Every structure is written in C-alpha cells, then in structure tokens.
Amino acid sequence: MKHKNAIPRVVIALGGNALGKTPEEQKVKVRNAAKALIELIKQGNEIIISHGNGPQVGMIHLAFEEASKINDKITTFDLPECTAMSQGYIGFHLQNALQAEIYEQKKPWYVASVVTQIEVDKDDKAFKNPSKPIGGFYTEEEAKAMMALNPKLIMKEDSNRGYRRMVPSPKPIRILEKESVVNMLDNEFIVVTCGGGGIPVVREEDGSYRGVTAVIDKDFASGILAESVHADYLFILTAVDRVALNYGTPQHQDLKQMSVTEAERYCEEGHFSSGSMLPKIQAAISFVKAGEGRRAVIASLDKAPLAVNGESGTIIYKEE
C-alpha cells in the first residue's frame with residue numbers, strides 16, 4: 001500500500017550519540033542537522049524523523065537515581081517515564097531547530113513531536129535475558145546490595161568498568177500513535193516520532209496498555225515506523241559515510257550499494273557489530289523486503305542530501 005501523496009516519503013533515523021551529551025551541545029548539533037534535513041525537503045521529499053536517546057535517557061535515569069539518595073522528596077523514575085522525558089526534550093530541540101531553519105528559508109511548513117508508545121510482546125524472549133545496560137556504574141559489592149534490596153534487579157559487569165543494570169530489548173510490534181503520525185504527514189507536517197525506540201508497552205487482557213522496563217532498539221523502531229507510514233526510503237544516519245566490510249582493517253572496503261541478498265550474507269559472515277552496524281543493516285533489510293520499490297540508505301548526517309542522489313552513503317535494495 002502506498003501513501004496518498006505523490007511526494008517521496010522518507011523516514012530519517014538520527015542516532016542518539018549524534019545529538020550530543022549535554023542540552024547545550026545538542027542544540028548546536030541539531031541546528032546543524034536541521035540544515036541537512038530541510039535540504040531533503042527542498043529536494044522534493046516528505047520527511048519523518050526518529051531519533052535515538054542512549055546517552056540522554058541514561059543521564060535522566062541516573063540523575064533521578066542519584067538525587068533520590070540525598071533527597072527523600074525526589075523519587076526515582078523507571079524507563080518508560082525516562083524515555084518519555086527524553087522524547088520531550090529532544091523533540092523540543094529538533095522542533096526548535098527545524099522551525100528556525102524553516103523561518104530562515106521562508107517556507108510554509110509545520111513541525112510537531114509525538115510522544116510515541118510502541119507495543120512489544122510480553123512473551124518476547126528478550127524479557128528472559130536482559131542484556132541492554134543502562135544507568136551508572138557500580139562496584140560488585142554495591143551491585144549485590146542493590147539486588148538484595150530488589151530481587152527483580154539484574155546487575156552485570158559491563159566493559160570491565162563496573163556493574164550496571166541490565167534491561168530487556170524486545171522487538172517492536174506496532175506503533176500506537178501511527179494514525180496520528182500519518183494524519184499529520186498527510187497535512188504537510190514534519191513529524192518527530194518514535195524517539196529512543198519508542199516507549200515500550202504491552203497489551204493487557206482488558207485492552208489497555210502498560211509501560212514496561214525495557215529499551216527498544218531505535219533502528220528496529222525506525223524500520224517499523226517506515227513500514228507503518230508506507231515510506232519510500234529509510235535513511236539511517238550515523239557517524240560514517242558508508243557501510244564497510246572488514247571495518248578498521250587493511251582490507252577495509254566501503255560499499256556504495258548492496259542487494260538484500262548480499263546484505264544478508266554479510267550479516268551471516270559477521271562483518272557487522274551487534275552493538276552498532278548490525279541492527280541498522282537488519283532494519284534496512286526488513287524494510288526493503290516488505291514492499292516494492294523501497295530503498296534504505298545508511299549514511300552520515302551531514303551528507304544526507306548527497307546520499308539522496310547516490311553521491312554518499314550505502315543503498316540497500318531488493319533485486320528485481
């Protein structure tokens with residue numbers, strides 16, 4: 001199924017690390033990003049923006065965690081609420097930067113952010129094996145003491161720097177606010193949605209939804225977003241200009257394009273790290289395979305306009 005507009009629809013996934021580690025740093029980075037994003041619209045595309053929140057949600061979670069230890073009037077907040085907070089302030093910065101660029105370009109466009117819930121399966125196997133680290137680092141003694149106080153807490157050593165809380169990372173199923181997003185797109189809004197992979201929720205027997213302590217991979221969330229809005233392109237913008245084989249070795253090889261079959265083979269051969277490039281490639285493959293004429297592009301943020309014309313980035317396509 002195609003969307004009703006003839007204009008190409010592009011989902012753009014921005015990495016959380018590309019947004020900066022402080023609010024002030026983020027304002028500078030998103031203002032620079034806005035120029036590239038608006039350029040995509042000027043080229044004749046309709047854009048939807050998703051974003052990561054790894055550093056930001058960890059900062060929010062840690063701030064409340066540490067503050068609650070020294071002030072009993074401050075409570076802790078779990079991940080669903082922290083993800084919602086990160087969606088709010090990152091969305092604000094993106095809106096503000098895009099609005100400034102729109103004003104400068106004298107264009108009649110609108111921008112809105114959507115606090116986005118994404119349904120996950122309560123029986124997803126990820127809930128039995130929490131593997132996503134969040135929050136601060138602790139000594140082994142501190143971690144054991146925390147788990148003794150809260151038997152549901154899982155703490156594991158992370159990168160030889162100490163113990164951190166581990167949470168599940170289930171696969172996304174459905175975007176609850178999909179109809180709102182599509183309606184705004186059809187009315188010429190630039191939409192910011194699915195921030196941080198979305199707020200993970202599970203469906204209860206009475207039909208209601210409950211937030212769960214988990215983190216959805218932002219690339220998988222962006223992929224399901226692109227499918228949900230019947231996008232023509234999925235742009236995953238990261239720190240590198242192109243996907244590479246044998247990354248960081250003397251056999252390093254940048255790829256201008258690869259078919260779905262080639263991409264699947266490279267994944268099986270172990271060319272991509274599970275903590276960085278692999279989920280991006282997997283999300284791209286899933287999106288491209290789900291519809292005719294779709295393309296996924298993995299590129300750097302500052303060269304996104306060039307990637308539209310194939311002058312930068314790696315294009316993933318389905319063989320005819």
Next on the checklist: Suppose each label sits 7 Å from its Cα in the direction of the beta carbon; what would the ASP254-ILE7 distance come out to in nanometres?
Outcome noted: 3.1 nm
Checklist entry - Could you give me the ³J(HN,Hα) list for region 75-85, computed from phi with Karplus coefficients 6.51, -1.76, 1.60 and θ = phi - 60°, whole Hz, x at Gly and Pro? => result 9, 8, 10, 7, 4, x, 5, 5, 5, 4, 4
Checklist entry - Sorted by packing (mean other beta-carbon atoms within 10 Å per residue), highest first, where do 145-158, 70-83, 40-53, 282-295 land? => result 40-53, 282-295, 70-83, 145-158
Checklist entry - What number, in percent, do you get for the relative contact order of the chain if the mean sequence gap of Cα pairs under 8 Å and at least 6 apart is divided by its residue count? => result 21 percent
Next on the checklist: Rounded, prolate or oblate, given the Cα gyration tensor of region 232-320, with a/c below 1.5 counting as rounded?
Outcome noted: oblate
Next on the checklist: What is the distance in Å between the Cα centroid of region 270-320 and that of region 100-130?
Outcome noted: 19 Å
Checklist entry - Restricting the count to DSSP beta bridges whose residues both fall in the chain, what percent are antiparallel, rounded to a multiple of 5? => result 40 percent
Checklist outcome for this item: Residues whose modelled amide H sits under 5 Å from the amide H of VAL167, counting only those 5 or more places away in sequence or on another chain, are SER131, LYS132, ILE134
Checklist entry - Tell me, how many Å apart are the Cα centres for region 32-99 and for region 190-260? => result 16 Å
Item to check | Ordering of 296-303, 267-274, 220-227 by packing [mean C-beta count within 10 Å, highest first] | outcome: 220-227, 296-303, 267-274
Checklist outcome for this item: Amide H proximity to ALA296 below 5 Å, modelled H, separation 5+ or other chain, gives LEU234, ILE316
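Rule-based calculations on the coordinates, nothing more; no lab input. This one's a predicted model, so the numbers in the text were calculated from it and none came from an experiment. No Cβ is skipped: glycine too gets one built from the backbone with ideal geometry, and neighbour counts run over all protein chains shown.
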